[in-house]
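**Q** Take this structure, written in structure tokens, and hold onto it; I'll ask about it next.
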Amino acid sequence: MENVIIIGSGPAGLTAAIYTARANLNPLVFEGYQYGGQLMTTTEIENFPGFEEGISGPELMEEMRAQAQRFQARLVQKDVEAINLLQRPFHVTVEGEVHEARTVIFATGANARMLGLEAEKRLLGHGVSTCATCDGFFYTGKEIVMVGGGDSAMEEAIFLTRFATKVSVVHRRDELRASKIMQERAFKNEKIQFIWNSVVEDILGEAKVTGVRLRNVKTNDVTDMPCDGFFLAIGHVPNTTLVQGQLELDAQGYIITQNKNTATSVPGVFAAGDVQDSKYRQAITAAGSGCMAALEVERFLEAEE
Ligand code: FAD
């Protein structure tokens, strides 16, 4: 019987691993298909405190892993296939084997929605970005194209105008989904231009983004538009398929945690990081909530003894 099983090895899962390991809870961590999480796909991280000159995403995550291992957290590079949270002890199934746990920390993250273009993955971190907060600074004095039409897309477009000389928002229809107030703010911003009734067909550039290929869905006209950065702001998908029907989720599929802590709708199950956070989505906030989940696991187990 495990004290705690942690599912996921991004900043949330690994921070929870460090804390629970140092509390002598001997955590078992299933790291999943992408050990290290989303930051393994990026280049420079300049906003994680403690690294004056910045640090590469993979380097930061290797450091976190090594730190967790230093305290004997057991890291297993396997996916959890099924989970049963409706009985205690909880059951976590990996490669057909059932592991029993007194508590579970769910830290499976979220993935940005992509357009599905080959160039998107190739150029991610080289001009393609899914995070304005993370990467806006790199585009000082540059031109950006963005796709998206919701409130957060408008918020990100406005934020990007602090750095970029121009932000062109490509939208497949001739009106936005964003709330009226956000639309008005974006329309008023002189650095933002809208390219209506259009879709991005390709991202141009070999080693870095040099432009995008646009198609007007009404006329079918294809044009190439030069730019330095391409931002996706078409939403995120939290990785919560495993807990559907077992934990309370919000309308977008994020795990609902209680105000100011990481407890879920099932006592003994905690959620940390992007899987329960559609708002901040940062490495430091994920790590912070991983710490909270670990401390809450400790208290939960103590209260049961
Ligand atoms: P994730 O990092 O998403 O990790 C999820 C983990 O869950 C993975 O290890 C995965 O293997 C595991 N998992 C999923 N399903 C299963 C399963 N069934 N079984 C077992 N494991 C599973 N943030 C910043 O603060 N600064 C930046 O500069 C920055 N740049 C970014 C650049 C890019 C390209 C991207 C994509 C994101 C960036 N972010 C940045 C955001 C940051 O990466 C996330 O906020 C953070 O990684 C969230 O951490 P997490 O631990 O919640 O989840």
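**Q** Applying the selection to region 90-137, what residues are farther than 26 Å from GLY253 by Cβ, of a type outside the set (A, V, I, L, M, F, W, C) and either away from the ligand (no atom under 14 Å from the Cβ) or without any contact (Cβ under 8 Å) to a residue 24 or more places away in the chain (or both)?
**A** Correct list: GLY96, GLU97, GLU100, ARG102, GLU118, ARG122.
**Q** For ARG162, which of the numbered conditions (1) part of a loop (DSSP other than H, G, I, E, B); (2) open to solvent by 70 Å² or more (accessible area, probe 1.4 Å); (3) at pLDDT below 95 fails to hold?
**A** Unmet condition: (3).
**Q** When you look at ILE83, is it more than 21 Å from the chain's Cα centre (by Cα) and within 13 Å of the ligand (Cβ to nearest atom), yes or no?
**A** Values: more than 21 Å from the chain's Cα centre (by Cα): yes; within 13 Å of the ligand (Cβ to nearest atom): yes.
So ILE83 fits the description; yes.
**Q** Then there is this: Is at least one residue of region 65-80 without any contact (Cβ under 8 Å) to a residue 60 or more places away in the chain and within 26 Å of HIS126 (Cα to Cα)?
**A** yes
**Q** Give me the residue from region 52-70 that is open to solvent by less than 80 Å² (accessible area, probe 1.4 Å) and more than 19 Å from the chain's Cα centre (by Cα) and, out of that set, nearest to the ligand (Cβ to nearest atom).
**A** Residues of region 52-70 that are open to solvent by less than 80 Å² (accessible area, probe 1.4 Å), as a first pass: 54-58, 60-62, 64-66, 68.
Going one step further and asking which of them are more than 19 Å from the chain's Cα centre (by Cα), we end up with 54, 66, 68.
Details: GLY54: 9, ALA66: 15, ALA68: 12 Å.
Ranking the qualifying residues of region 52-70, first place goes to GLY54.
**Q** Kindly indicate which of ILE144, ILE83 is touching a Leu at 6+ places or on another chain (Cβ under 6 Å), within 19 Å of TYR33 (Cα to Cα) and among the β-branched types (Val, Ile, Thr). It would help to see each step written out before you state the result.
**A** Values: ILE144 fails: within 19 Å of TYR33 (Cα to Cα).
That would be ILE83, the only listed residue that is touching a Leu at 6+ places or on another chain (Cβ under 6 Å), within 19 Å of TYR33 (Cα to Cα) and among the β-branched types (Val, Ile, Thr).
**Q** While we're on this one: Quick check, is MET40 in contact with a helix residue (DSSP H, G or I) (Cβ under 6 Å, 6 or more places away or on another chain), open to solvent by 10 Å² or more (accessible area, probe 1.4 Å) and assigned to a loop (DSSP other than H, G, I, E, B)?
**A** no
Residue-wise test of (1) modelled with pLDDT of 95 or more; (2) over 20 Å from ALA293 (Cα atoms); (3) more than 7 Å from the ligand (Cβ to nearest atom).
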residue	(1), (2), (3)
MET1	yes, no, yes
PRO11	yes, no, no
LEU14	yes, no, yes
ARG22	yes, no, yes
LEU39	no, yes, no
GLU46	no, yes, no
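**Q** Run ALA164 past the list (1) away from the ligand (no atom under 16 Å from the Cβ); (2) farther than 23 Å from ILE45 by Cβ and report the number of the one that doesn't hold.
**A** (2)
**Q** Okay, moving on. I'd like to check something: does region 190-198 contain any residue that is crowded, with 21+ Cβ neighbours inside 10 Å and of a type in the set (A, V, I, L, M)? Working first, answer last.
**A** Step one: of region 190-198, the residues crowded, with 21+ Cβ neighbours inside 10 Å are 192, 198.
Among the residues that remain, those that are also of a type in the set (A, V, I, L, M) are: 192.
Yes, the conditions are met somewhere in region 190-198.
**Q** Scan region 264-288 for residues that are over 19 Å from VAL237 (Cα atoms) and near the ligand (Cβ under 8 Å from one of its atoms) and jot them down.
**A** The answer is ILE284, ALA287.
**Q** Now for a separate question. For the list (1) in contact with a Cys (Cβ under 9 Å, 6 or more places away or on another chain); (2) within 16 Å of the ligand (Cβ to nearest atom), I need the number of the one condition that LYS142 fails.
**A** (2)
**Q** Out of (1) of a type in the set (Gly, Ala, Ser); (2) at pLDDT below 95; (3) part of a strand (DSSP E or B), the odd one out for SER168 is which?
**A** Every listed condition holds for SER168 apart from (2).
**Q** Right, ALA73: surrounded by fewer than 16 Cβ atoms within 10 Å (Cβ to Cβ) and within 25 Å of ILE5 (Cβ to Cβ) or not?
**A** Values: surrounded by fewer than 16 Cβ atoms within 10 Å (Cβ to Cβ): no; within 25 Å of ILE5 (Cβ to Cβ): yes.
For ALA73, the condition - surrounded by fewer than 16 Cβ atoms within 10 Å (Cβ to Cβ) and within 25 Å of ILE5 (Cβ to Cβ) - is not met.
The values are calculated or read from the model by the stated rules, or taken from the named source; none is laboratory data. In this text, all values refer to a predicted model and were calculated from it rather than measured experimentally. Don't worry about glycine lacking a Cβ; one is built from the backbone with ideal geometry, like all the others, and counts go over all protein chains shown. Side chains included, ligands, DNA and RNA excluded: accessible areas come from the protein's heavy atoms. Shrake-Rupley method; radii C 1.70, N 1.55, O 1.52, S 1.80 Å.
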